[in-house]
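Readers should treat all values here as calculations from the given coordinates under stated rules, not as data from a laboratory. This one's a predicted model, so the numbers in the text were calculated from it and none came from an experiment. Neighbour counts run over all protein chains shown; Cβ positions are idealised from the backbone, glycine included.
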Ligand SMILES: Nc1nc2c(c(=O)[nH]1)N[C@H]1C(S)=C(S)[C@@H](COP(=O)(O)OP(=O)(O)OC[C@H]3O[C@@H](n4cnc5c(=O)[nH]c(N)nc54)[C@H](O)[C@@H]3O)O[C@H]1N2
Ligand SMILES: Nc1nc2c(c(=O)[nH]1)N[C@H]1C(S)=C(S)[C@@H](COP(=O)(O)OP(=O)(O)OC[C@H]3O[C@@H](n4cnc5c(=O)[nH]c(N)nc54)[C@H](O)[C@@H]3O)O[C@H]1N2
Ligand code: SF4
Ligand SMILES: [Mo]
């Protein structure tokens, strides 16, 4: 273990902990014990010294005067925001005595953890916390808010989160960025595409919003929200009809190509055009371009799967590279996520065996508002870490009403007094990832990376793993697993993985090398982790789960009689709600805008720059309008998860549905409908 944190001056290696596929290598410059500059590490094999603006400015956040330094307890009404400083002893005592009592009177399932990947470190996000709550017997949280619909959908086709090695995509001649705002959310994949473009590659972007990524495409294809499955099926229709498929590949590496061929006859371009809003001739052009260009690469984004039909959509698009045999060409194929390559020993790290009652209830985090409000056996205590549900969770007004319950004992562990923390009974200050020991697995570039502390803990803040050790001790738990050190946790998680891709990677190796790549090999020839070992164009497993076994377009659910589809996506300078409370990042982003089509604006007498009320039966917001052609008629889009600032109404998730997607329990943020009117 290196001792960077205790050194006052110098330049130290680090890794970006944010929930971003790029997982950049960083160099942290310190003077007098403080970070004075953050830059990309030029020695990182993939990110090569380039980082985004968010993290270049991360020190503004780490030393923000609003950062929490010590534990707090609530001394006013819930949500009022009145707190008083307490000691860690008192904080831990209060929490554990409440929990012991709850376990006694209501049972351990009255307690629920709520967390996500505010810090992607495996120990922080899915390590000691899981061990602790398993031992406690708490209600289990199904962590579905981000990518489960798409991950499961992709898995039905490809057997797991296995895609192309992104560094190989430099050889691609066609890039399709499908429902991904890569300029902001996967900048290094975009950079590779730009480089390939210099060698003649073309970049196609398919999105409902012509945003920073669409504007830079060679060809931008606007599409109606939730209809991409139909577009992919229309492409398949043309590929089969015009004999543009790779028969040899289909024979060797897929199951169900015969059934698929018959099935897609119904998705002729004119039918598909009516569904998607994409003109017939563009569907032909796209299908033929895709067939004629090799290697071609599809970057499948998260946007298309935050819909009622999102799992099926990703499952369908994941079939396309098989039709033209792209997987055999270096750089050809697709990426949704590459997380399966770095599968470590999760069972050892999370210890599901510590959970005695195997029937412990599971709650889908996308329905947390509903769960807080209407469970027959109510949740009486929630422990929130690495997430800010009052801003990021769908149907946000329900969530906030739930958090406001006077009888809910709420604990929040965070770096800031977030919108969620405002409702807390106890707030615990968290260290930043730069103050911790942890290991990271990129879900895009296939490197395992290490973080050793580069600065001392801020104020009295503590890491997640430290807090769970304290809680375990005070709860009287004596399982040694709850007291292992961070280094022991990393070491164990990398042992007995049963995963050939990371065999041989050890803690010591990470400390020495910082970035260690998985033992990559092409997926084909090879056997996939699907039941058949092949790409499943027809999936019996889906049929068994009550889903259509062949790729099928299913329209979005009815969401009321409101004229617009509403797409509130992430923005450039925040990471979900992280940075939305830091002046620097807010000043870079300025304010949220609602993009509205010219035709719709004319009909409603709305002009560019007007303030509008956006509303439905779930909630309302007020946003400045940007009128133009960035969205199709009938669609409105906005970016960013904004914090509650005085004088603003920017709680975008007050408008979003908490319906559950078709597959994987996923979220449906982008399947909601709204109305828009000018604020008088
Ligand atoms: N700067 C920045 N980077 C981030 C994040 C951030 O908040 N800010 N968040 C991080 C996280 S947690 C994630 S999951 C990823 C998400 O990053 P992405 O994978 O890019 O996913 P989203 O930004 O959710 O949506 C991508 C695009 O999908 C579009 N879209 C919505 N519905 C549809 C549809 O039906 N069809 C099509 N074709 N497009 C549609 C949206 O307009 C948006 O441009 O980014 C990560 N990186
Ligand atoms: N409308 C709409 N809503 C969305 C989305 C969307 O596209 N549109 N995207 C969804 C997606 S994809 C995601 S992933 C979710 C993300 O939602 P969240 O997981 O809630 O992500 P953040 O808003 O970044 O909040 C992370 C919090 O963790 C804290 N944190 C950081 N590091 C640590 C640590 O080490 N310990 C502790 N205890 N806390 C820490 C940060 O300070 C921050 O407050 O949002 C979802 N919500
Ligand atoms: S947020 Fe993404 S692009 Fe920015 S430094 Fe972190 S990993 Fe790199
Ligand atoms: Mo996410």
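When 158, 187, 542 are ordered from fewest to most other Cβ atoms inside 10 Å of their Cβ, what list results? Write out the running numbers ahead of the final one.
Details: 158 27, 187 20, 542 23.
Lowest count first: 187, 542, 158.
For an R0 of 25 angstrom, estimate the FRET efficiency from the Cβ-Cβ distance between residue 611 and residue 218 and round to the nearest 0.05.
0.10
Evaluate the relative contact order of the chain (contact order divided by residue number), counting alpha-carbon pairs under 8 angstrom at least 6 apart; express in whole percent.
21
Give me the log10 of I(q) over I(0) for the range 564-678 at q = 0.13, 0.22 Å⁻¹, as the Debye formula computes it from C-alpha points; what are the numbers?
The calculated log intensity ratios at q = 0.13, 0.22 Å⁻¹ are -0.49, -1.26.
Just the number, please: percent antiparallel of the DSSP beta bridges in the range 564-678, rounded to the nearest 5.
Counting only bridges with both partners in the range 564-678, antiparallel ones make up about 60 percent.
Calculate log10 I(q)/I(0) of the range 10-62 for q = 0.19, 0.21, 0.26, 0.29 Å⁻¹, where I(q) comes from the Debye formula with a single equal point scatterer on each Cα and nothing for solvent.
-0.57, -0.70, -1.03, -1.21
In µm²/s, what is D for the chain at 25 °C and 0.890 mPa s, where D = kT/(6 pi eta Rh) by Stokes-Einstein and Rh is the Kirkwood radius from Cα pairs?
95
What whole-number distance in Å separates the alpha-carbon centres of the range 578-634 and the range 154-178?
So the two Cα centres are separated by 33 Å.
Write down the percent of antiparallel bridges among all DSSP beta bridges whose residues are both part of the chain, to the nearest 5.
45
Give the residues of the range 361-379 whose amide nitrogen is closer than 20 Å to a point set 7 Å from the Cα of residue 406 in the direction of its Cβ.
372-375, 378-379
Would you work out if the range 1-100 is rounded, prolate or oblate? Take a ≥ b ≥ c from the square roots of the eigenvalues of the alpha-carbon gyration tensor; rounded if a/c is under 1.5, else prolate when a/b is larger than b/c, oblate otherwise.
prolate
When all C-alpha to C-alpha distances in the range 591-644 are sorted into bins of 10 Å, what percent of pairs does each bin hold, rounded to whole numbers?
Per 10 Å bin, starting at 0, the Cα pair percentages come out as 25, 57, 17, 0.
Mind checking the angle between helix 187-198 and the chain's longest principal axis? C-alpha axes, 0 to 90 degrees, to the nearest 10.
Roughly 30 degrees between the two axes.
Please tell me the relative contact order of the range 564-678 in percent, rounded to the nearest whole number, where contacts are Cα pairs under 8 Å and at least six residues apart.
The normalised contact order for the range 564-678 reaches 37 percent.
Compute the FRET efficiency between residue 645 and residue 284 as 1/(1 + (r/R0)^6), taking r as their Cβ-Cβ distance and R0 = 30 Å, and round to the nearest 0.05.
E(calc), rounded to 0.05, equals 0.05.
May I ask for the distance between the Cα centers of the range 551-571 and the range 287-314, given as a whole number of Å?
18
Counting only the backbone N, which residues of the range 534-561 are under 16 Å from the spot 7 Å out from the Cα of residue 266 toward its beta-carbon?
Residues 538-539, 543, 547-556 qualify, since their backbone N sits under 16 Å from the label point.
Can you give the FRET efficiency for residue 248 and residue 8, using 1/(1 + (r/R0)^6), R0 = 51 Å, r = Cβ-Cβ distance, to the nearest 0.05?
That pair, residue 248 with residue 8, gives E of 0.20.
Given points 7 Å out from each Cα along the Cα-Cβ axis, report the residue 292 to residue 557 separation in nanometres with one decimal.
Label at residue 292, label at residue 557, 4.3 nm between them.
Show that you can apply the helix-only estimate: for the chain, add -39,500 (n - 2.57) for every DSSP H stretch of four or more residues, divide by all residues, and state [θ] at 222 nm to the nearest 500.
Numbers: 25 runs with 199 residues, N = 680.
Estimated from H runs of four or more residues: -8000 deg cm²/dmol.
Would you mind classifying the range 626-680 by shape? Square roots of the alpha carbon gyration tensor eigenvalues, ordered a ≥ b ≥ c; an a/c under 1.5 is rounded, otherwise it is prolate if a/b is larger than b/c and oblate if not. Before the final figure, lay out the partial values.
Numbers: a/c = 2.20, a/b = 1.31, b/c = 1.68.
Oblate is the answer for the range 626-680, as a/c is 1.5 or above yet b/c matches or exceeds a/b.
Could you give the distance between the Cα centres of the range 440-512 and the range 664-680, to the whole Å?
The distance from the Cα centre of the range 440-512 to that of the range 664-680 comes to 39 Å.
Over the range 10-62, what relative contact order in percent results from Cα pairs under 8 Å that are six or more residues apart?
Details: 90 pairs, mean separation 14.3, N = 53.
Answer for the range 10-62 is 27 percent.
For the chain, find the longest principal axis of its Cα atoms and tell me its angle to the long axis of helix 280-292, 0 to 90°, nearest 10.
The two axes meet at around 80 degrees.
Arranged from highest to lowest average of other beta-carbon atoms within 10 Å per residue, in what order do the peptides 272-283, 431-442 appear?
431-442, 272-283
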